[in-house]
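Below is one structure, written out as structure tokens, with a few remarks after it.
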């Protein structure tokens, strides 16, 4: 766009944001400097200003950054300066950074001089595929290596990992006067009603090799290491890769896919008919079903690790687990 058209588009975007979105109106009043810079120099400079926000604590800083970033990105979106891919990528990149900062802070609060190693954060769902939107939860799987997890002298590794996970979550989703950073959902882990929020990595690998349900394996189509000990996260994903990315689709796998689709449809049967009351997110052919079908039928869409469907292969039962990153460092 020419300079005059860009200025008009920005003014129009800011006017619409203030008129039709209470959140953006409040954000523009809280951060008028971002709105002014957006009008003068555009969305990228406004995003840079938002990410430079400071605070007395990590909690304050992340919340102020998140508020300013949501405003800057939304204005760029409304003005046509950011594509859909730009929007979701920038929101996802900030979430990765915020999760990593929160985890590092949690570790340093308990073990001040420790390296932030031994605890991996696996992003799943929309965050895993870098498609986060303005109001998305972050679906996470937390894994730890008992040998390299930073902990105090007499701490049990499992209990220490759970403390770190709880503190990380608190830093992200506790509501303060500055709002919150992200809502965290940990329910994609195995048996979430009975398992701890942070799992030993070898136990998780064994579960996905031997007893994972089809939908549990399918959830990893969009998974990636997002924060913490990324080497540990890559080790985990590489270990379960043959059970997620099959060499071929046989009739049994096709039946599993059909059953997953049927469960989604039956679970959200109410509001599934087109017409008044249709649920656009959960109804038949809606957003949730479309995302599930896209993940199963187009696995090559993973942004950080594209691959064809026919990749992987069977791994014999009873095989020895590959060494953890902490074990390889000692050899």
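If you rank 207, 235 by fewest surrounding Cβ atoms within 10 Å, what's the result? Numbers along the way, then the final one.
Working: 207 17, 235 24.
Arranged by neighbour count, lowest to highest, 207, 235 become 207, 235.
Take each peptide in 137-148, 214-225, 105-116, count the other Cβ atoms within 10 Å of every residue, and average; sorted highest first, the result is 137-148, 214-225, 105-116. Using a/c under 1.5 as the rounded threshold, could you call the stretch 1-82 rounded, prolate or oblate? The axes a ≥ b ≥ c are square roots of the C-alpha gyration tensor eigenvalues, and prolate needs a/b larger than b/c, oblate otherwise. Cα axes put the stretch 1-82 in the prolate bin. For the stretch 159-263, the relative contact order is 21 percent, taking Cα pairs closer than 8 Å that sit 6 or more residues apart in sequence and dividing their mean separation by the residue count. Ranked by how many other Cβ atoms sit within 10 Å of their own Cβ, fewest first, the residues 97, 168 fall in the order 97, 168.
The relative contact order of the stretch 1-82, computed from alpha carbon pairs under 8 Å that lie at least 6 residues apart in sequence, is 35 percent.
As a rough footprinting exposure proxy, the listed residues 132, 39 were ranked by other beta carbons within 10 Å of their own, and the order from fewest upward is 39, 132.
Given 0.36 nm per residue, what is the gain on full extension from residue 60 to residue 19 after removing their alpha carbon distance, in nm? Mind dumping the intermediate values first?
On the way: separation 41, 0.36 × 41 = 14.76 nm, distance 2.77 nm.
Difference between extended and current length: 12.0 nm.
Note on residue 287 and residue 202: their simple-model spin labels are 4.2 nm apart, each label 7 Å out from Cα toward Cβ. Report the normalised scattering of the stretch 93-208 as log10 I(q)/I(0) at q = 0.15 Å⁻¹, calculated by the Debye formula with identical scatterers on the alpha carbons. Here the Debye-derived log intensity ratios amount to -0.66.
In this simple spin-label approximation, residue 12 and residue 173 carry label points 7 Å from Cα along the Cα→Cβ vector, and these lie 3.9 nm apart.
On the beta carbon distance between residue 40 and residue 97, with R0 = 22 Å, the FRET formula returns roughly 0.25. Full extension of the chain between residue 259 and residue 51 yields a length gain of 70.5 nm, computed as 0.36 nm times the residue separation minus the alpha carbon distance.
Values quoted throughout were computed directly from the atomic coordinates according to the rules given, and no laboratory measurement underlies them. Predicted model, so just to flag it, every value in this text is computed and none were measured. Here the Cβ is made from the backbone with ideal geometry for all residues, glycine too, and neighbour counts use every protein chain on show.
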